[in-house]
Amino acid sequence: MRTLDGGRRLTGPNFLLPCEGAAVEVVFDAGEMPSKAKAAWVRRAAAMIRALAWEERGFAVQWRLRRHRGGASWAFSAPIDQLLVATDIAEYAVDPRPWGGWRQARQRLRERSQQEANPKLLRLRDWARQHGVAFLWDSDVVSLGLGASCLCWAMADLPDPEELEPERFDRIPSAYVTGTNGKTTTARLLSKMARCAGLHVGTTTTDGWGIDGATIEGGDWTGPGAARKVLRDPRVELAVLEAARGGLLRRGLAHTMADVAIVTNASDDHLGEWGIDTVEDMLHAKLVVAQGVRPGGVLVANAGNPVSAQVLRDRSAVPAGVEVAWFGLAPFPDTLQQALDNQGEVAFERAGKLVWQRGSHMIQVLAVAEVPICFGGAALHNIENALCAILGARNLGLSWEAIRDGLRSFASTPKDNPGRANVFSLGGAKIVVDFAHNPDGVRHMVALAQTIPAARRLITLGQAGDRSDQAIADLIDAAVALRADHYVLKESLHYLRGRELGDVTAHMRERLLQRGVLENQISVAMDETAALDHALAWLRPGDLLVLLIHDDFAAAAQRLQAAGALAV
């Protein structure tokens, strides 16, 4: 047996536990018994925990062993002022050899436990729970309240709870947004609706975090650190927090008082990482956001996503006190009808209208034709994104006027939704730029591109090296439905992730040939910039380029602008 990774802190509700703790990833040797190994780990860890007197502090430990194809994830709960030492205990329990004997390990871990212990932190957390006050913490800063009411303290200088008045601290409306595809568009659209209501909105996405549509820090800000930045900002009156798979698996949630959690869908992407072997596993990872919803809040789920409909039939998949609201496209999914029959809240598309309904109360929100991101109904994935944003907005308390204004004014442009179905014109040709990077995403873009008349079609394709050969084949299968006249395969130098340069493009090329694409219809570019330049050189008036950008959208947009392309 060997560890895949060192112990890691779980700083909030997460995929393995409903609370804070520590985890370690392991691989078993052939013939090794996981149940026997777990018993040994629990025995060692429990003995060490007794030596550290956690039970005397009133803490009861929860244990979790989760088997997966690559090995297992082992986790246990821990006090929030003992998470660093808990990661040490996890490593010690799995492999005690580097620690010397029991007495040596106990002495070292006792010293670390004493150094990390922070009774004031625990008292402040307990006081916040007792009074229903939002409590956020990280390695350096602890805060109470959200938005304008938020007060922060250095970890080493925490106040006594007796000095605080609960009435001083307020909540702000907030929503989590996650899913395999569509989460960034949905987060941006929901934020636009809230801004149309006159609110100052903080948003975290895979492209950065910011306020009122202005980016403060670029990059992938979808983890708990980004959520804390937004929720602590005194300007923010409503927060929309995109939560990606990585943060939910590695760390967990920072905020557990959200009003809404939206799961747009779950599909085949990033499988095989962090013990996520199946699409059902992926959905369960995404459903961690439901643990961050306050009692009385709502989980928004996709009735047209088979795994979501299947898993959420089991009410235990959602925390007690959290309602499920469903959205879906025609034909009317059974899950939607069942929800309506039970007086549930739903949103759907019917006869070219976006519709909201609870029981017999129905509101026709807006015509699909009035929603720019829906491309007159051609972008089915954005109809879904609009529907789940409607449900999210209603449960954040936004008015129908603000929801409609947001839907009408949010466009697939580099300004409103950069990198998501942005359309440019160049010398009589059309260019559709999108971040699609998995089979479902590519299928959506192909379906949209097929509605755009073109003399010839070209598509650029790339894939990260951590995807399986089958996932690469599935991506190509989705792309060939476009029946493109040319395919430009691009190397992803920043995303080799264990593969040799040229391996991914070789697999893509082989699959294209298997699907009947001719040799002279395939080109290979050494990076994304070279792929874009090749595509621009190929374009003629009347052509369509589907440009899938993964590395740097801003750079690609600048290159298009330099070539004379105009956003449509």
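The values are calculated or read from the model by the stated rules, or taken from the named source; none is laboratory data. Here the structure is a predicted model, which means the values were calculated and not measured. Ideal geometry is used to build each Cβ from the backbone, glycine not excepted, and the neighbour counts take in all protein chains shown.
Key figures for this structure:
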{"read-out": "Residue selected from the stretch 351-376 under the condition loosely packed, with under 14 Cβ neighbours inside 10 Å and of a type in the set (S, T, N, Q), by the criterion modelled with the lowest pLDDT", "value": "SER360"}
{"read-out": "Meets criteria (touching a Leu at 6+ places or on another chain (Cβ under 7 Å), more than 20 Å from HIS437 (Cα to Cα) and in the same structural domain as PHE348 (by TED's automatic domain parsing)) for ARG294", "value": "no"}
{"read-out": "Selection status of LEU144, surrounded by 17 or more Cβ atoms within 10 Å (Cβ to Cβ) and assigned by TED's automatic domain parsing to the domain that holds ALA23", "value": "no"}
{"read-out": "ALA563 being surrounded by 17 or more Cβ atoms within 10 Å (Cβ to Cβ), of a type in the set (Gly, Ala, Ser) and assigned by TED's automatic domain parsing to the domain that holds VAL432", "value": "no"}
{"read-out": "Residue in the stretch 205-220 that is surrounded by fewer than 24 Cβ atoms within 10 Å (Cβ to Cβ) and under 16 Å from ALA258 (Cα atoms) present", "value": "no"}
{"read-out": "ALA134 being aliphatic (A, V, I, L, M), farther than 30 Å from THR278 by Cβ, at pLDDT 95 or above and in contact with a Gly (Cβ under 9 Å, 6 or more places away or on another chain)", "value": "yes"}
{"read-out": "Verdict on ILE363 being part of a helix (DSSP H, G or I), hydrophobic (A, V, I, L, M, F, W, C) and closer than 23 Å to CYS196 by Cβ", "value": "no"}
{"read-out": "THR529 vs. criteria hydroxyl-bearing (Ser, Thr, Tyr), surrounded by fewer than 22 Cβ atoms within 10 Å (Cβ to Cβ) and either assigned to a loop (DSSP other than H, G, I, E, B) or at negative phi (or both)", "value": "yes"}
{"read-out": "Test: residue in the stretch 273-284 that is on the phi < 0 side of the Ramachandran plot, in contact with a Gly (Cβ under 8 Å, 6 or more places away or on another chain) and of a type outside the set (Asp, Glu)", "value": "no"}
{"read-out": "Candidate set from the stretch 125-164 (those that are outside any helix (DSSP H, G or I) and among the acidic types (Asp, Glu)); member that is farthest from ARG251 (Cα to Cα)", "value": "ASP160"}
{"read-out": "Hey, LEU122 touching a Pro at 6+ places or on another chain (Cβ under 7 Å), closer than 26 Å to ALA51 by Cβ and either in a helix (DSSP H, G or I) or not assigned by TED's automatic domain parsing to the domain that holds ASP207 (or both) or not", "value": "yes"}
{"read-out": "Residue in the stretch 368-386 that is of a type in the set (Gly, Ala, Ser) and farther than 29 Å from ILE452 by Cβ present", "value": "no"}
{"read-out": "Residue within the stretch 407-422 that is touching a residue at least 12 places away in the same chain (Cβ under 8 Å), surrounded by 21 or more Cβ atoms within 10 Å (Cβ to Cβ) and assigned to a strand (DSSP E or B) present", "value": "yes"}
